[in-house]
Amino acid sequence: MDTETWAAAARPSRDALINRITHQIRQSLELDQILRATVEEVRAFLGTDRVKVYRFDPEGHGTVVAEARGGERLPSLLGLTFPAGDIPEEARRLFRLAQVRVIVDVEAQSRSISQPESWGLSARVPLGEPLQRPVDPCHVHYLKSMGVASSLVVPLMHHQELWGLLVSHHAEPRPYSQEELQVVQLLADQVSIAIAQAELLEQARQKAQQERLINQIAALVYSPLHPETTLTTVLEQLAAGLQGIGARLRIHFMGADTLCCHGVQPPASYDTWLQEQLGRAGGAGGWVKMWSLSHLEKWPELQEQMKQTPIRGLLVAQLAWNDQPVGWLSVFRGAVYQETHWAGYRWFTQGDPRQELPLISFAAWRELKIDEPKAWSAAEQELMSRVGVHLALSITQNQLYRQLQTLNARLEQEVQERTAALQRSLAMDALLQRVTDQVRSSLEEAQILRAVVQELALGLPIQGCDLCLYDWASGQATVRYEYTSALPPAGGITLTLADYPDLYRHLQGGQAVQFCHLPGQGWIPRREGLTLLVCPLRDDQGVLGDLWLAKPAAKCFDELEVQVVQQVADHCAIAIRQARLYQASVQQIGELERLNRLKDDFLSTVSHELRTPITNMRMAIQLLKTARAPQKREQYLKILEQECEREAELVNDLLDLQRLEQGSKTLHLEEVPLATWLPSVLEPFLQRAQVNQQRLQWQIAPNVGKVLTDQGGLERVVQELVNNACKYTPPGCSIWVTAQRPGPQQVEIRVINEGVEISPAEQERIFEKFYRIPSGDPWKRGGTGLGLALVKQWMQRLGGSVSVESSQGKTCFTLVLPQGSLPVQTSPLAHNCA
């Protein structure tokens, strides 16, 4: 395909690209958004690895303000700052005077320049500047180390000055056709237009901001109430508007000498020195003068005193009316601490090898500006002058007379507006009173919150109200209560807090948020296309939830409505805390009652169980003293020994249970082969089962293998369960013990007995300390109620679990140990003893 054919084919794509950028500029006045769209479009058009916009600051340094990358072949430079020397002054001159475009082929080590065709002869490339020449080897090495094989640089102009550069980088050698250069140049021209528009917008914003500050100050200085307080507020707002650290107003008028201050103040000799300077300047109004600390060299004493304060710059306006001095106004600025990190600083911390050369190239990693004031701009001087005029008018009360004339004409209208505002305020007060009554009349959380959302939905001009409660453990907010007559229901909808970090950051800070919920934003479903006000339910302990109020998209919530909703939210937070504290108190009382019952059971059971062995031991000792026959003495000694063991077992059970609950019980882990170990634990119970006319059987699966556990603890658990089974199984019934491996990392041991059932209600309590099932011991076997509590604590300490099932005349206790070793195939092991 020849050049003309290719150009004809590429022209629709070029026109579409230019149209998109032009449309973006017309649709938005935000420069950042336009630049981002431009680099994305240019990168997509050229197909290169990286396109960026490099903007110069007044000192010549450059920052990458927009970037688009295709893949990861080249690193991101977005937000990085490069020193002024990174682009030589010779190159800047070519860009500024001739708007040359520079193409660098790193592989060929050549640089070529060209100009837009629209430029005339007067702006041609200067004589002696070749259109193509070799690239400096240092620059070639610099680009290669960054992974760049070819680059295209197009200047961005603004008011005939070099504003920045549009740069395209590619990791492979790439030529650029004349058609591509024309398209990129057209886009650069469009960006220059956008820059001009953005500057006009910024100027308009600054002007509007200045006008707002002037209006606020004017409204204050012409107010008849509390003149000293008003002037202090004026100084505070003026200092804030001019980014100062303090302000000072000295009034000399009609014999009055008044001083108003705000923030940091100069030394006492300042007013005398300033009065001398103003006297030399004359009494004309509107006189504005600025000084920095270095300008005070002629007055070394004042300069030295100033150094002892944070003040490093001052702006002074003389106040006068009808050529009569009224006073002077001063605003002070402190030192600016400005730290600029050059690009390699961040690369060094990231360790990107492609930025090793820039890391070495920038000898100074950062530039510091300390103990210097920020310069006063012309706009700030104009603002100071205008504020001075307003203050002069206020001090002489001339403007106050004019304001009164205007207020007389608007008095009737303002009365009507205030009457309406008063009526609305009364309605809001009534709404707040109803909410307060609801909070005070109940301690039921659901009842209070349901009434609150209803009051808001009916008392405010809204379409609906939703109330969400937070679950910080799961990081979710759920719509618990709602009231609406015009919107679909949203109850039960859950939002994940992490999905909306900006919103919930403001809510956690106690700030209400108002926004238009556009379709597709993913907030609360069924609330799209509405203006939403979200207000946190927050108290001194944190955020409990939020209120969502909805209005049509064309309307918004005014300040009074926001204040009312915030007050209602505060009431809700208090109500929730009170209700939850009440519920917690009720639960605590119930728990205390339960613990009191446990204590009584404990004292009754332990005292009985401790006294019984002691009583038997005392009787055995008395009988032992009087016994003469050796058989009797042997019998009494055996009774004494049994009762001592019984007493020691009870004490040991109590101590073991305490250690297990505190987590201080030491484990001795070892591999236990269940196939041989479990029968050794069960065999001592065979004789007892036969005496009780019971059948004790066990069956161990061939692949049960070994388990890594504390052998003594596991033995205690199995013995306790089998002992209970023997104790409560009726004569003629069976007891089964099984061991199997349900999974590769689990071992399961079951103890099953016939003839007895445990109700579901009792199943939840049998593992409690000292709890014994009422009427659950028909054979009067006795016990302390500690056995199953020890079983549960031991299993938790061993990393396992215990559960119980009881139905159809059988009860099954299941032990699950997760620390099973690899299965070992053995022959089936079973035992049956009738």
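The values are calculated or read from the model by the stated rules, or taken from the named source; none is laboratory data. Since this is a predicted model, take the numbers as computed values, not measurements. Neighbour counts are summed over all protein chains in view; Cβ atoms, including those assigned to glycine, are modelled from backbone coordinates with ideal geometry. We work out accessible area using only protein heavy atoms, side chains counted, and drop any ligands, DNA or RNA first. Shrake-Rupley method; radii C 1.70, N 1.55, O 1.52, S 1.80 Å.
Overview of values
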item: Residues located in the range 136-189, provided they are touching a Gly at 6+ places or on another chain (Cβ under 8 Å) and either of a type in the set (Asp, Glu) or open to solvent by 10 Å² or more (accessible area, probe 1.4 Å) (or both); result: 171
item: Set 460, 467, 449, 393: member being crowded, with 19+ Cβ neighbours inside 10 Å and at pLDDT below 85; result: 393
item: Residue 64 being at pLDDT below 80 and crowded, with 18+ Cβ neighbours inside 10 Å; result: no
item: Complete set of residues in the range 614-637 that are aliphatic (A, V, I, L, M) and either in a helix (DSSP H, G or I) or surrounded by 12 or more Cβ atoms within 10 Å (Cβ to Cβ) (or both); result: 614, 617, 619, 620, 621, 623, 624, 627, 637
item: Options 694, 711, 690: the member that is polar (S, T, N, Q) and within 15 Å of residue 798 (Cβ to Cβ); result: 711
item: Pairs, first of a type in the set (Phe, Trp, Tyr) and at pLDDT below 90 in the range 806-828, second surrounded by 17 or more Cβ atoms within 10 Å (Cβ to Cβ) and not in a strand (DSSP E or B), C-beta under 9 Å, six or more apart; result: none
item: Residues being out of contact with any Lys or Arg (no Cβ under 6 Å at 6 or more places or on another chain), without any contact (Cβ under 8 Å) to a residue 40 or more places away in the chain and not in a loop (DSSP other than H, G, I, E, B) - total across the range 40-95; result: 10
item: Close pairs from the range 186-209: first outside the structural domain of residue 32 (by the TED database), partner loosely packed, with under 12 Cβ neighbours inside 10 Å and among the β-branched types (Val, Ile, Thr), Cβ under 6 Å, at least 6 apart; result: none
item: Residue satisfying condition, being modelled with pLDDT of 75 or more, open to solvent by less than 20 Å² (accessible area, probe 1.4 Å), in contact with a strand residue (DSSP E or B) (Cβ under 8 Å, 6 or more places away or on another chain) and closer than 24 Å to residue 673 by Cβ, within set 791, 802; result: 791
item: Condition check for residue 513: within 25 Å of residue 539 (Cα to Cα), in contact (Cβ under 8 Å) with a residue 60 or more places away in the chain, crowded, with 16+ Cβ neighbours inside 10 Å and not basic (Lys, Arg); result: no
item: Given (1) out of contact with any helix residue (DSSP H, G or I) (no Cβ under 8 Å at 6 or more places or on another chain); (2) open to solvent by less than 60 Å² (accessible area, probe 1.4 Å), number of the condition residue 588 does not satisfy; result: (2)
item: Residue in the range 756-784 that is modelled with the lowest pLDDT, counting only those that are of a type in the set (D, E, K, R), open to solvent by 30 Å² or more (accessible area, probe 1.4 Å) and on the phi < 0 side of the Ramachandran plot; result: 781
item: Filter result for residue 236 (of a type outside the set (S, T, N, Q), open to solvent by 50 Å² or more (accessible area, probe 1.4 Å), at pLDDT below 85 and within 23 Å of residue 314 (Cα to Cα)); result: no
item: Qualifying residue in the range 430-442 (condition: farther than 30 Å from residue 332 by Cβ, in contact (Cβ under 8 Å) with a residue 24 or more places away in the chain and open to solvent by 60 Å² or more (accessible area, probe 1.4 Å)); result: yes
item: Residue check, residue 485 within 17 Å of residue 450 (Cα to Cα) and open to solvent by 50 Å² or more (accessible area, probe 1.4 Å); result: yes
item: Residue check for residue 470: closer than 24 Å to residue 431 by Cβ, of a type in the set (Phe, Trp, Tyr) and either outside the structural domain of residue 572 (by the TED database) or touching a residue at least 24 places away in the same chain (Cβ under 8 Å) (or both); result: no
item: Failed criterion for residue 29 (all others in (1) assigned to a helix (DSSP H, G or I); (2) in contact (Cβ under 8 Å) with a residue 60 or more places away in the chain; (3) surrounded by fewer than 21 Cβ atoms within 10 Å (Cβ to Cβ) hold); result: (1)
item: Unique match (being on the phi > 0 side of the Ramachandran plot and either open to solvent by 20 Å² or more (accessible area, probe 1.4 Å) or at pLDDT 90 or above (or both)) among 263, 279, 283, 244; result: 263
